[in-house]
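Notes follow once the structure below has been shown.
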Amino acid sequence: MADWWAAAARPAGGRSQGAAMTVVADQQVQGIDPRTGRPVGHPVPATTADAVDTAVRAAAAAGERWAATPAPQRAGVLEAVADALDAERDALVAAADRETALGTTRLTGEVARTTGQLRMFAGVLRDGGFLDAVLSPADAAAGTPDLRRMRIPVGPVGVWSASNFPFAFSVAGGDTASALAAGCGVVVKAHEAHPETSEATAAVLRTALTAAGASDGLVGLVHGREAGVALVDHPLLRAAGFTGSQRGGRALADRAAARPRPIPFYGELGSVNPVIVTRAAARARRDEIATGYAASLTLGAGQFCTNPGLLVVPDDAELLAAVAAAVSGTAGAPMLTPRMADTYRDTVQQRSALDTLATGRPGDGPQAPAPATWTVPVPRLLAEPDLGEEVFGPAGLVVTYRDESELAELAGDLDGSLTATVHAEPGDRELVAGLLPVLQRRAGRLIYNGWPTGVAVNWAQHHGGPWPATNAPGFTSVGARAIDRWLVPVAYQGFPDELLPPELAEANPYGIPRTVQPGR
């Protein structure tokens, strides 16, 4: 793996990069059962560089025809895909559970989230506001021409699947759904943790797309790390979306920027998601906060990008005891891959010099390490910020403050996160109001008296944040505005009405919302 990251970090072009891309003919991607640590299912061949090229070219050609399909028709196709996935839900869930051990209840809900995303984007297409159509009619007195602007698809998109969401952030997940809604062809790089699930999902997706009238090749699928490098390097690719580690995302983002023709790379890279508890909240809701924290920390074996990695609390012995009791009552669950479980154990061992607050019980099987929490005071975390780095798994750092001045100092020193949470009482209004201007520049979603795990999929959601949570904090990977990543603006100056796109023509046949410059 280290060799691959070294290759991925090198700029595109040159013999050394080409050698790193070469895929051995018999290389395969094998799923592992997290409950047993043994291989599960049939190995999937890694995709060669030539096959990546074929997939991108097919997506580009099919994407041209797809982009020309009116948005209301694309909406119907997305709904047909959602229906097809729902019809195959039980088989897909069974395959995913074998490869991820996330459980049928969780995975069934994730399929519903995935199909719900597709239907949401169908609604976005019918609404038409995503086009951001603007009209500035000619003004003879001012000597200005007729200008009309809208957004069009960026072109073929590469998507890197996440490990922890085999449906919602994978082959038919939010990146793919939003890119298809925008009018783009897509090539998905499957995650190694669930190759057969990815293949099964892709088969349903392709069949549904073809049956609904889309061109073959609109969505491609590739496997293997070298295929991911070949994908980001492909000259026809126009944008990329990634959900995964900071290290992996940074390597690919750097590579995307180093191409002869750089492309935008939208990476969700991990987050510590601080949760701040005021003194009043600690007194009023001690047990509720303790149990809520333990549940959020260990949900899905802690394998969520919104895992509450930092719990910031007053130096209150009763609250700390309640948190310790709640965490002690938890048990580990199988982590997605042996490497993730090993990395988690290594991190726990590295933190052995810290003051342990509580440790849960290991779960069953070789990949289910125990949850763990440690305590540090604010001054130490400020002096040793590396202690606050993200841990992928059920581990959390409980940071204690003596007074509100320390709390404000810590808030100002936090790195970027996807979320920031405040637990407070009505009497804390002034304190919270003082923290908000700081927190809103350090997180994409602010939460009051809740927990960060659980991301609603709707039109108002923003799932992004400053570095290192993402490398593009102006964009979201969840919600209706996720489509923004795959669109680029174009203005038409002086064109006759019959040559304008329907969305900009006077008749506005689809009835989309349009902004007309005031006074024109």
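The values are calculated or read from the model by the stated rules, or taken from the named source; none is laboratory data. Treat the numbers as computed from the prediction; the structure is a model and nothing was measured. Note that each Cβ is placed from the backbone with ideal geometry, even for glycine, and that neighbours are counted across all protein chains shown.
What strands (runs of 3 or more DSSP E) lie completely within region 432-519 and have 3 or more residues being in contact (Cβ under 8 Å) with a residue 40 or more places away in the chain and either closer than 30 Å to Glu64 by Cβ or among the charged types (D, E, K, R) (or both)?
Details: elements: 443-448, 487-493, 514-516.
Because the criterion is at least 3 residues that are in contact (Cβ under 8 Å) with a residue 40 or more places away in the chain and either closer than 30 Å to Glu64 by Cβ or among the charged types (D, E, K, R) (or both), the strands (runs of 3 or more DSSP E) in region 432-519 that meet it are 487-493.
Can you report the number of residues in region 420-445 which are within 25 Å of Ala472 (Cα to Cα) and buried (at least 18 other Cβ atoms within 10 Å of the Cβ)? Number satisfying all stated conditions: 9. The criterion of at least 3 residues that are in contact (Cβ under 8 Å) with a residue 12 or more places away in the chain and surrounded by fewer than 24 Cβ atoms within 10 Å (Cβ to Cβ) is met, among strands (runs of 3 or more DSSP E) falling completely within region 118-176, by 133-136, 147-153. Of everything in region 194-244, what is among the small types (Gly, Ala, Ser), farther than 21 Å from Ala68 by Cα and surrounded by fewer than 23 Cβ atoms within 10 Å (Cβ to Cβ)? Give them in sequence order. Answer for region 194-244, where residues must be among the small types (Gly, Ala, Ser), farther than 21 Å from Ala68 by Cα and surrounded by fewer than 23 Cβ atoms within 10 Å (Cβ to Cβ): Ala200, Ala202, Ala203, Gly244.
Of the residues making up region 59-87, those that are in a helix (DSSP H, G or I), within 16 Å of Val154 (Cα to Cα) and among the hydrophobic types (A, V, I, L, M, F, W, C) are Ala59, Ala60, Ala61, Ala62, Trp66, Ala67, Ala71.
Summed over region 3-36, the residues that are modelled with pLDDT under 95, surrounded by 15 or more Cβ atoms within 10 Å (Cβ to Cβ), in a loop (DSSP other than H, G, I, E, B) and not polar (S, T, N, Q) give a count of 3.
Among Ala480, Ala456, which is the only one that is outside the structural domain of Gly248 (by TED's automatic domain parsing) and among the hydrophobic types (A, V, I, L, M, F, W, C)?
From the options Ala480, Ala456, the qualifying one is Ala456.
Take the residues of region 446-466 that are loosely packed, with under 14 Cβ neighbours inside 10 Å, of a type in the set (Gly, Ala, Ser) and at pLDDT 95 or above: which is farthest from Gly173 (Cα to Cα)?
So in region 446-466, the residues loosely packed, with under 14 Cβ neighbours inside 10 Å come out as 448, 454, 456, 458-460.
With of a type in the set (Gly, Ala, Ser) added as a condition, the list becomes 454, 456, 460.
Still in the running and at pLDDT 95 or above: 456, 460.
On the way: Ala456: 14, Ala460: 18 Å.
My answer is Ala460.
Among the residues of region 41-57, those that are more than 18 Å from Leu218 (Cα to Cα) and buried (at least 17 other Cβ atoms within 10 Å of the Cβ) comprise Gly41, Val44, Ala46, Thr48, Ala49.
If you go through region 241-265 and keep only what is closer than 14 Å to Trp160 by Cβ and either of a type in the set (Phe, Trp, Tyr) or in a helix (DSSP H, G or I) (or both), you end up with Phe242, Gln246, Arg247, Gly248, Gly249, Arg250, Ala251, Leu252, Ala253, Arg255, Ala256, Phe265. Answer yes or no: is there a residue in region 64-78 that is at pLDDT 95 or above, surrounded by fewer than 19 Cβ atoms within 10 Å (Cβ to Cβ) and within 21 Å of Glu199 (Cβ to Cβ). No, that holds for no residue.
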